[in-house]
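The structure appears below as structure tokens.
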Amino acid sequence: MKITVKFAAALSRYTQSSKIAVCDLGEKNDMASLIEALDAKFPGIKKVLCDESFEIADSINIYVNGDNIRYVEGFRTPLKENDQVNIIPAAAAG
Amino acid sequence: MIVNNPTSHFIFVFPKDHVNGEYNYINYKGKPLTNREYLQNWGKWLIFGSPEELGKLAEKLDPFIEAKKIPAAKYDREIIEEFELGECVMCVYCDLRQRDEIWEILASLGIEDKAWAYERETMERWLPGGHLLEKWIKGRGMSAEQAEQFRLYAKEKFRRMFEDEDAIFRGIEQ
């Protein structure tokens, strides 16, 4: 399964200036797997997005189809083909 | 109606009636929200862009807001450097129960990136320990004592605003 992730401009320093990334999750289908796939593409980004136990960083909001995953199932949020994932600094919601 | 007061960081788009004090845009199907409903349901679609891009979008939203199909919007006049976003943000406000129909309008205007934030999220970030309050305190170079006083002030302000859950929501004291 391929998932497209879009990053806010403020995160470009962690994504080699990319604003968009396509990750192939194979058979996996949850947000934690997507984060691992992103970290393989952009080493170190996992530490920006969450801690070792997959607690979402306070400074980050991750959305699946517009919904903040904090209010869904966190990193256990299921993903399906064509889902839209956006990652933005939480300050934007202020 | 676009309300562009140069002394404000934000540029607002409100229905004219709201500006004239004859209408409150914070409602659902014409009924004002209680404090409880506000915390449960009120929120915003977040849109990123340059001030010019958001200004053009505001002009396109204005007729929808005047027709009360969208409650209201606001956007940054300029980038807030302290927040390190690198872009300005527009908030398009509405109740959770109408957010899908409002998203359809935004999508028809070319918006693609979908991010919904509840107002309660924003408030939590402006309470003691919240990411935004602490960043703001740090940016102002406050002493430890001043920072603590400010945290207590913020906490008390929010407590007073929402202590009666069934009262009609009267707005955020800025």
Mind giving me the nanometre distance, one decimal, between the label points for A:Lys2 and B:Asn4, set 7 Å out from Cα along Cα→Cβ?
4.2
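Would you mind giving the mean number of other chain beta-carbons within 10 Å of the Cβ of each residue in A:81-93, as a whole number?
Numbers: counts 0, 0, 0, 4, 1, 6, 1, 8, 7, 8, 11, 13, 16.
Mean partner shielding for this stretch: 6.
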Calculate the dipole size of chain A relative to its Cα centre from +1 charges on Lys and Arg beta carbons and -1 charges on Asp and Glu beta carbons; express the result in debye to the nearest 20.
380
Which stretch or stretches of region B:45-71 have amide N atoms under 17 Å from the point lying 7 Å from A:Tyr71's Cα along the Cα→Cβ direction?
B:45-47, B:71
Using only Cα atoms, what Kirkwood radius does region B:1-135 have, in angstroms?
15.5
For chain A, the spread of Cα positions along each principal axis, largest first, Å:
34, 29, 25
Can you give the FRET efficiency to the nearest 0.05 for A:Asp30 and B:Lys16, using r as the Cβ-Cβ distance and R₀ = 51 Å?
0.60
Beyond a 29 Å Cα-Cα separation, which of these cross-linked pairs lie in this structure: A:Lys80/B:Lys68; A:Lys2/B:Lys114; A:Lys47/B:Lys114; A:Lys19/B:Lys16?
A:Lys80/B:Lys68; A:Lys19/B:Lys16
When Lys and Arg each count +1 and Asp and Glu each count -1, what net charge do the other residues less than 10 Å away from B:Thr34, Cβ to Cβ, add up to?
-2
Size of charge dipole - region B:131-174 - debye, nearest 20, with Cβ of Lys, Arg +1 and Asp, Glu -1, no other charges:
300
Students often forget the sequence filter, so: which lysines lie under 17 Å Cα-Cα from B:Lys56 once same-chain residues fewer than 8 apart are removed?
B:Lys74
If the chain between B:Gln146 and B:Lys68 were fully stretched, how many nm would it gain, using 0.36 nm times the residue separation less the Cα-Cα distance?
23.8 nm
In nanometres, the difference between 0.36 nm per residue of separation and the alpha-carbon distance of B:Ala167 and B:Arg120 is 15.3 nm
Starting with the fewest neighbours, write out B:Tyr23, B:Tyr75, B:Tyr153 ranked by other beta-carbon atoms found within 10 Å of each beta-carbon.
B:Tyr153, B:Tyr23, B:Tyr75
In region B:1-120, if the dipole is taken from +1 on Lys/Arg beta carbons and -1 on Asp/Glu beta carbons about the Cα centre, which of B:Trp103, B:Asn27, B:Ala115 is farthest to the positive end?
B:Asn27
For B:Lys44, give me every one of the aspartates and glutamates with a C-alpha distance below 17 angstrom, ignoring sequence neighbours fewer than eight places off in its own chain.
A:Asp67, B:Asp62, B:Asp76, B:Asp95, B:Asp100, B:Glu101, B:Glu104, B:Glu112, B:Asp113, B:Glu119, B:Glu121, B:Glu124
Averaged over the residues of A:69-75, the number of partner chain Cβ atoms within 10 Å of each residue's own Cβ comes to 1
Could you quote the convex hull projected area for region B:5-67, Cα atoms only and averaged over all directions, in nm²?
5.5
Send over the semi-axes of the protein assembly as shown's equivalent ellipsoid, whole angstrom and largest first, taken as the square roots of 5 times the C-alpha gyration tensor eigenvalues.
30, 23, 19
When the dipole is taken about the Cα centre of chain B, and only Lys, Arg (+1) and Asp, Glu (-1) are charged at their Cβ, what size is it in debye, to the nearest 20?
360
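Against the globular-protein guess of 2.2 N^0.38 Å, express the Cα radius of gyration of region B:54-129 as a ratio, rounded to two decimals.
Relative to the rule-of-thumb radius for its length, region B:54-129 sits at 1.19.
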Among B:Arg159, B:Arg77, B:Arg151, residue whose mean-square fluctuation peaks in a GNM of chain B (springs only between Cα atoms under 10 Å):
B:Arg159
Region A:2-89, relative contact order [Cα under 8 Å, separation at least 6], %:
38
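Each value in this text was obtained by applying a stated rule to the coordinates, not by laboratory testing. All of these numbers come straight from a predicted model, not from anything done at the bench. As a convention, Cβ positions derive from the backbone with ideal geometry for all residues, glycine included, and neighbour counts pool all protein chains shown.
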